[in-house]
Amino acid sequence: MQKVVISVNYELYDKVPVMSKWVTVHNGSGTPIKVDNIVSEFLGIADHDPYGGYRGREDLKVKPNIHFETDYAFSSGKVTVANGQSVHWEADQDYVTQISWVQDIPNTMKIYPDQGYHYLVDAEESFESIRTFILPYDSYDKERNGLALRKMYRTIAPWVTENPMMFHLTKSGWEEFKTGIDQCAELGYEMLNFSFGSGFNPENESEENYRQMKKYAEYADSKGIKIGTYSLLASRSISEKDDVINPKTGKRGGFAIFGNSPCLGSEWGQDYFRKMYRMFSETGFMTFTHDGNYPGDICASEDHPGHTGLEDSQFKQWKMISDFYKWCKAQGVYLRVPDYYYLSGSNQSGVGYRENNWSLPRRHQLIHTRQNIFDGTWESIPSMRWSFIPLTQYHGGGAAATIEPLNEHLDHYEMMLVSNIGMGIQSAIRGPRLYDTQETKNMVKGVVDWYKDYRDILESDILHLRRSDGRDLDYMMHVNPQLKEKGFLLVFNPTNKIIRKKITVPLYYTGITDVASIREQEGKSSPMKLNRNYEIELEVQVAPNWYNWYVVE
């Protein structure tokens, strides 16, 4: 062990109180060594809860006001849940003066993978632990803490600020594809993705399919559009020998997070990733919606080439998929992954919607859209999340749930677009076409142009002011003190009557301290003096079932 070098690495970041930490092990011993586990962070933090004793209620324990996160995060769209297998709060039994009689206050924090590493490091090779990111909060205010977390993501994972406008095409024939590309180019959309159900198969390595992919990519590139595809990885069954194996039964089934799932370390799994690496290397495809990504399943197989057994199965599978995402990001591939792989190169995850809700009547879908965005952006910048606009029937609901024919539901189509991109949220807008008539085209082009005119502020942080309930105005506001437009207030009226009322608008995070210039849409600006809480009282007016917007300068 004398020639085994262990290094503890730290990174500090400018203008944000974040520290990163990881451990590297260099094996200079001349013989392989096995790293079973590494506790790469171990902090004792003073308790501040004077009422110890939780009677077994873990949910009532008060933790110190510090955020911990790692790149070993998966199986959830929520940061604390996704990091549950790497961030561990414990009680320090050696800390005998804590208030709790049974000494069960969570005052010790450790970082390590639940299942361990169990990684064989060959001679003269190095091994790296997962990475920890520590952000101490300076407040108990939910919005302020969320803003701090969002600034952290912009700093440590700047690719999450990429936010291309993407169309999910449900057809893969050449003529339908050309129509989709042409419409994207005409309207200002920037990417096209073959959606699930389109008939496109990225796992098909036939010469004909590769010729087709290259032909599609070349045509899209000639129009200034990048294309890509959807692929389902987990949440399906492959075979008895390739699926994850239940350690209790020695067979597949009965324990995987998605019911059944292939093991990434199986022969099938290794071949799948070989195909994906090849596709993005050779075809010109530049966007990837990777559904059913690895959720953390362990595997008891001892025959899979990608892991030795149960103990190393989770870390080895995570490393396979996170290495792939990092490689994709290095190639410039845009990644939509419905999980928390942001720190491994993913750009976006879902905003937190339930798929069956898109079978509800159109009016209900609007309410859900704005509720989902309101609830899903406390800890995420807008570009980290996507929502959904089903142009055709999704799971059901019939004509009442669909936008097609588009020209017959223009008002709803516009409201869905504005409810999403007006908050900086790109949607999985899914269907066979973006417009069907000149009138539809004009409407979509108008909304896209409006979005691009205000893109910088619309992709800035969201302040959560009033959640949608279908009974009164709901509104959110973007803020960015670095821009000319320092605030952008978007107000919706879900009722059947016009609403005029005064609302309180907080301007502290715009950076304005004394007088703000406010204008309604493209109208004339009026000065408004801020009160001592950095607020203004703004009278707004919104037409029935419509929206209005105000710019703060």
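Within a Cβ distance under 14 Å of LEU233, other residues only, what is the Lys/Arg minus Asp/Glu net charge?
Around LEU233, the surrounding residues sum to -3.
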For this session: Only Lys, Arg, Asp and Glu count, each charged at its Cβ (+1, +1, -1, -1), so figure out the dipole size of the chain about its Cα centre, rounded to 20 debye.
Result: 1200 debye
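Suppose every K and R has +1 on its Cβ and every D and E has -1 on its Cβ; what is the size of the dipole of the range 424-553 about the Cα centre, in Debye to the nearest 20?
220 debye
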Exercise. Just the accessible area per residue of the chain, please: how many Å² with a 1.4 Å probe?
Worked result: 43 Å²
Exercise. By DSSP, what percent of the beta bridges with both residues in the chain are antiparallel, rounded to the nearest 5?
Worked result: 70 percent
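How large a share of the accessible area of the chain, in percent, is made up of carbon and sulfur atoms when the probe is 1.4 Å and the other protein chains stay in place?
Taking all protein chains in place, the chain shows 48 percent carbon and sulfur surface.
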For this session: Of the DSSP beta bridges with both residues in the range 155-289, give the percent that are antiparallel, rounding to the nearest 5.
Result: 20 percent
For this session: Taking each pair of different alpha-carbon atoms in the range 397-449 once, compute 1/r for the pair, average those values, and report the inverse of that mean as the Kirkwood hydrodynamic radius in Å to one decimal.
Result: 11.5 Å
Exercise. When Lys and Arg each count +1 and Asp and Glu each count -1, what net charge do the other residues less than 13 Å away from SER75, Cβ to Cβ, add up to?
Worked result: -2
Exercise. Picking from CYS263, SER322, LEU310, whose Cα lies most toward the positive end of the charge dipole for the range 256-324 (charges on Cβ: Lys, Arg +1; Asp, Glu -1)?
Worked result: SER322
Seminar exercise, completed: Dividing the alpha-carbon radius of gyration of the chain by 2.2 N^0.38 Å, where N counts its residues, gives 1.05
Problem set entry | Whole-number percent relative contact order across the range 35-125, with pairs defined as alpha carbons under 8 Å at least 6 apart | 43 percent
Problem set entry | Average projected area [Cα convex hull, the range 458-535], square nanometres | 5.7 nm²
Seminar exercise, completed: The Cα extents of the range 259-303 along the principal axes, largest first and rounded to whole Å, are 38, 20, 12
Exercise. How would you rank 183-194, 34-45, highest first, on the average number of other Cβ atoms within 10 Å across their residues?
Worked result: 183-194, 34-45
Exercise. So what is the relative contact order for the range 260-373, in percent, with contacts set as C-alpha pairs under 8 Å and at least six apart?
Worked result: 22 percent
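The values are calculated or read from the model by the stated rules, or taken from the named source; none is laboratory data. Note that the structure is predicted; figures quoted are calculated from it, not measured. Here Cβ is always computed from backbone atoms with ideal geometry, including for glycine, and neighbour counts include all displayed protein chains. Protein only, heavy atoms only, side chains kept; ligands, DNA and RNA dropped before computing areas. Shrake-Rupley method; radii C 1.70, N 1.55, O 1.52, S 1.80 Å.
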